[in-house]
Amino acid sequence: MEKTLYFMKKLLSITCVALIVAALSSCKKTYVTNVVPNQTYFVTVSASSWVQTTDGKSDSVSIKAPAIDTFFDKYGATLVYFSFFSGVYEQIPEVYNNVAYSYIHYPGNLVLYAQPPGGGTPVKPTSDITVKLVLVQSN
């Protein structure tokens, strides 16, 4: 009986090892090598280019962005950063110097907005702003 028990344990151990090896060898790694690079654009928006919107609640400026086509507008991601002084970029939307900055985009255009965070009379930016537009493509 001991020999039978020893044989059964040995057979069970070999079977378990064989199952583990079979399960692990069937794993397949897939490598994705089709990486689409992001695009970055820099634009300087002068303080004088901001105009009041028709509702009078904010100031805006439109920037032509041909890279934002219909496909990108639907499937890509648009990130906007402002630099109020050299070398430091802050992501929009943001409140800076009591002005709330935001943006929208649609095919061919990026529209920037500046308005008071609590409502009231809009205050135009008083200095030029460097805009960094980062377009992140997606499949």
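Tabulated results
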item	result
Ranked by how many other beta carbons lie within 10 Å on average, peptides 57-64, 71-78, 110-117 from highest	110-117, 57-64, 71-78
In sequence order, calculated HN-Hα J values of region 106-111 (Karplus, 6.51, -1.76, 1.60; Hz; x Gly/Pro)	8, x, x, 9, 10, 10
Amide hydrogen neighbours beyond the local backbone of Tyr103, cut-off 5 Å, H modeled	Tyr113
Gain on full stretching of the segment that runs from Ile14 to Lys124 - 0.36 nm per residue minus C-alpha separation	31.8 nm
All Cα pairs of region 36-94, percent lying beyond 18 Å	50 percent
In order through region 40-53: 3J(HN,Hα) via Karplus (6.51 cos²θ - 1.76 cosθ + 1.60), integer Hz, x for Gly, Pro	10, 10, 10, 9, 9, 9, 6, 4, 7, 8, 6, 10, 6, 6
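Each reported figure results from applying straightforward, stated rules to the coordinates on display, with no laboratory input. Predicted, not measured: the structure shown is a model, and the values here were computed from it. In this analysis, Cβ positions are derived from the backbone assuming ideal geometry, glycine residues included, and neighbour counts consider all displayed protein chains.
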